[in-house]
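Asks: Have a look at this one before I ask anything.
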Amino acid sequence: MTEVTASIIKCDVGGWPGHSTTHPDLEETAREQLADASNAGAIEDFHVTHVGDDLNLIMLHREGADAEAVHSLAYDVFEEATEVAKELGLYGAGQDLLSDAFSGNVRGMGPGVAEMSFTKRTSEPILAFLMDKTEPGAFNLPIYKMFADPFSTAGLVIDPNLHQGFRFEVWDIQEHERVFLETPEDSYKLLALIGAKERFVIKRVYPKEAHKLPSDEPVVAVSTEKLVDVAGEYVGKDDPVALVRAQSGLPAVGEVLEPFSFPHLVSGWMRGSHNGPIMPVGVEDADCTRFDGPPRVVGLGFNVHNELELTGPVDHFDDPAFDNAREKANEVTDYMRQHGPFEPHRLPLEEMEYTTLPGILESLEGQWHSVDAEASEVDAETVTVGEVE
Ligand code: 13P
Ligand code: 13P
Ligand code: MG
Ligand code: MG
């Protein structure tokens, strides 16, 4: 039995151009540094990729979750990639890393992390999901469907090893608290929380006590770091990543992928301030274009080799089986875009990253008059509406 840790650490260190995609030189810089670290034995294996303008380091190591060695390695990689981004004149170089390289929104507080330590099974299929132009709550719906919706995951009904359900760790981002809920018995409570995806996010999923896998080893981990690390400030729109283990008592790979056939609406598109459909794409198409989107998700599958190597990736959404989801996402994109600056395409005021409203309200100071007073005046004079002025 081998204890292993899988980590995705991600960071926007500069967009090419704007917030569109990641320059290949950044990925190359990261690959070189991680190869050195791997040769030196600091990590076991790695895969570097991108979705949109986010540089993703997928790593396998023996250091455990939250290990300083691995986190500082990633930080060094991002710093070096930031230097390359600056040389190339990329947009918002060091956006998520250096607070002095502010690119116009409230991000810039540190990289995002999804990681979990577990006892490696004989065959260990693990999937990495990487999203751009959205927030951690975007994972609530697909993770729920994978581990709790029998209409999506057949195994919940027909596989005795899944039949007892799972244990969800949900974070309340506003109160900085967490709660554990078990499915199927707590399904309605769970849905009542995670349907409010800007506040309640699934952080991890565990096997229940009765499961054949250890109940203290996560089978899902979602990045939510920035949401709590930023003292006193709500910074919700952080392009998220997730790790999901599959098979042998867990959803099959196809059950893990199935929820992404529905391009559900997520928040965080254009200026972190719009709702739009999440489009599943292969890495080749993981470049944000239209209105800086639409939001994208990449799904990469690996097996953990006995020597603790990552065998893969398989680029799961680079597949005609997801054509309909992409077509639907394009239709929904057309539909949502036609709302222009109107909600629910544009996010409600309190969730927007950018807003001109305080300035507008200030500019209108002194021009507001009580409608109550006007109504009583109108009443008193018994004039018709057309004669009010
Ligand atoms: P496992 O129980 O071995 O994961 O097999 C289930 C499966 O893959 C069915 O499609
Ligand atoms: P990123 O968070 O991906 O950098 O996008 C920012 C943005 O405002 C895009 O319109
Ligand atoms: Mg960016
Ligand atoms: Mg991004």
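The values are calculated or read from the model by the stated rules, or taken from the named source; none is laboratory data. Source: prediction; values computed, not measured. All Cβ positions, glycine included, derive from the backbone under ideal geometry; neighbour counts span all protein chains shown. To get the accessible areas, we keep the full protein, side chains included, count just its heavy atoms, and leave off ligands, DNA and RNA. Shrake-Rupley method; radii C 1.70, N 1.55, O 1.52, S 1.80 Å.
Asks: Any residue in region 241-252 that is at negative phi, within 16 Å of ligand 3 (Cβ to nearest atom) and at pLDDT 95 or above?
Replies: Step one: filter region 241-252 for residues at negative phi, giving 241-246, 250-252.
Cutting the leftovers down to within 16 Å of ligand 3 (Cβ to nearest atom) gives us 241.
Cutting the leftovers down to at pLDDT 95 or above gives us 241.
The answer is yes; a qualifying residue exists.
Asks: Any residue at all in region 200-216 that's more than 23 Å from A246 (Cβ to Cβ) and in contact (Cβ under 8 Å) with a residue 24 or more places away in the chain? Talk me through it step by step, then tell me what you get.
Replies: Taking region 200-216 first, the residues more than 23 Å from A246 (Cβ to Cβ) are 200.
If we keep only those that are in contact (Cβ under 8 Å) with a residue 24 or more places away in the chain too, we end up with 200.
Taking every residue of region 200-216 in turn, at least one turns out to be more than 23 Å from A246 (Cβ to Cβ) and in contact (Cβ under 8 Å) with a residue 24 or more places away in the chain.
Asks: (1) farther than 20 Å from D334 by Cβ; (2) crowded, with 20+ Cβ neighbours inside 10 Å; (3) touching a helix residue (DSSP H, G or I) at 6+ places or on another chain (Cβ under 6 Å): which one isn't true of D315, the others all being true?
Replies: In the conditions (1) farther than 20 Å from D334 by Cβ; (2) crowded, with 20+ Cβ neighbours inside 10 Å; (3) touching a helix residue (DSSP H, G or I) at 6+ places or on another chain (Cβ under 6 Å), D315 misses (2) alone.
Asks: What number of residues within region 343-383 satisfy the criterion of being at pLDDT below 70, touching a helix residue (DSSP H, G or I) at 6+ places or on another chain (Cβ under 9 Å) and not aliphatic (A, V, I, L, M)?
Replies: 1
Asks: Is there any pair linking a residue in region 1-30 that is within 23 Å of G272 (Cα to Cα) and open to solvent by less than 30 Å² (accessible area, probe 1.4 Å) to one that is of a type in the set (K, R) and outside any strand (DSSP E or B), with Cβ under 8 Å and at least six apart or on different chains, and which?
Replies: Listed by first residue and then by second, the contacts come to D12/R107; G14/K86.
Asks: Looking at region 113-207, what helices (runs of 4 or more DSSP H) fall wholly within it and have at least 3 residues that are open to solvent by 10 Å² or more (accessible area, probe 1.4 Å), touching a Lys or Arg at 6+ places or on another chain (Cβ under 7 Å) and away from ligand 3 (no atom under 16 Å from the Cβ)? Before the answer, list the steps.
Replies: Numbers: elements: 140-148, 155-158, 187-194.
Where helices (runs of 4 or more DSSP H) fall fully within region 113-207, none carries at least 3 residues being open to solvent by 10 Å² or more (accessible area, probe 1.4 Å), touching a Lys or Arg at 6+ places or on another chain (Cβ under 7 Å) and away from ligand 3 (no atom under 16 Å from the Cβ).
Asks: To continue, here is another question. So which of E80, E87, E68 ends up being open to solvent by 60 Å² or more (accessible area, probe 1.4 Å), more than 16 Å from ligand 1 (Cβ to nearest atom) and touching a Ser or Thr at 6+ places or on another chain (Cβ under 7 Å)?
Replies: Numbers: E87 fails: touching a Ser or Thr at 6+ places or on another chain (Cβ under 7 Å); E68 fails: touching a Ser or Thr at 6+ places or on another chain (Cβ under 7 Å).
Result: E80 is the single residue among E80, E87, E68 that is open to solvent by 60 Å² or more (accessible area, probe 1.4 Å), more than 16 Å from ligand 1 (Cβ to nearest atom) and touching a Ser or Thr at 6+ places or on another chain (Cβ under 7 Å).
The rows are residues; the columns are (1) modelled with pLDDT of 95 or more; (2) under 19 Å from C288 (Cα atoms); (3) touching a helix residue (DSSP H, G or I) at 6+ places or on another chain (Cβ under 6 Å).
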{"position": "Q95", "(1), (2), (3)": "no, yes, no"}
{"position": "L98", "(1), (2), (3)": "no, no, no"}
{"position": "A101", "(1), (2), (3)": "no, no, no"}
{"position": "V106", "(1), (2), (3)": "no, no, no"}
{"position": "G110", "(1), (2), (3)": "no, no, no"}
{"position": "V113", "(1), (2), (3)": "no, no, yes"}
{"position": "S117", "(1), (2), (3)": "yes, no, no"}
{"position": "I126", "(1), (2), (3)": "yes, no, no"}
{"position": "L130", "(1), (2), (3)": "yes, yes, no"}
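Asks: Residue under question is A286, and the condition is that it be within 16 Å of ligand 3 (Cβ to nearest atom) and touching a residue at least 40 places away in the same chain (Cβ under 8 Å); does it hold? First the steps, then the outcome.
Replies: Working: within 16 Å of ligand 3 (Cβ to nearest atom): yes; touching a residue at least 40 places away in the same chain (Cβ under 8 Å): yes.
Spelling it out, A286 is indeed within 16 Å of ligand 3 (Cβ to nearest atom) and touching a residue at least 40 places away in the same chain (Cβ under 8 Å).
Asks: In region 38-51, is there at least one residue being in a helix (DSSP H, G or I), more than 16 Å from ligand 1 (Cβ to nearest atom), over 18 Å from the mean Cα position of the chain (by Cα) and modelled with pLDDT of 95 or more?
Replies: Yes - at least one qualifying residue is present in region 38-51.
Asks: Additional query: Would you list the strands (runs of 3 or more DSSP E) that sit entirely within region 264-355 and hold 3 or more residues that are more than 19 Å from D239 (Cβ to Cβ)?
Replies: Details: elements: 265-268, 274-277, 296-304, 310-315.
Here the list reads 296-304, 310-315.
Asks: Same structure again: So G340 fits all but one of (1) over 18 Å from P295 (Cα atoms); (2) modelled with pLDDT of 95 or more; what number is the exception?
Replies: With (1) over 18 Å from P295 (Cα atoms); (2) modelled with pLDDT of 95 or more applied to G340, the lone miss is (1).
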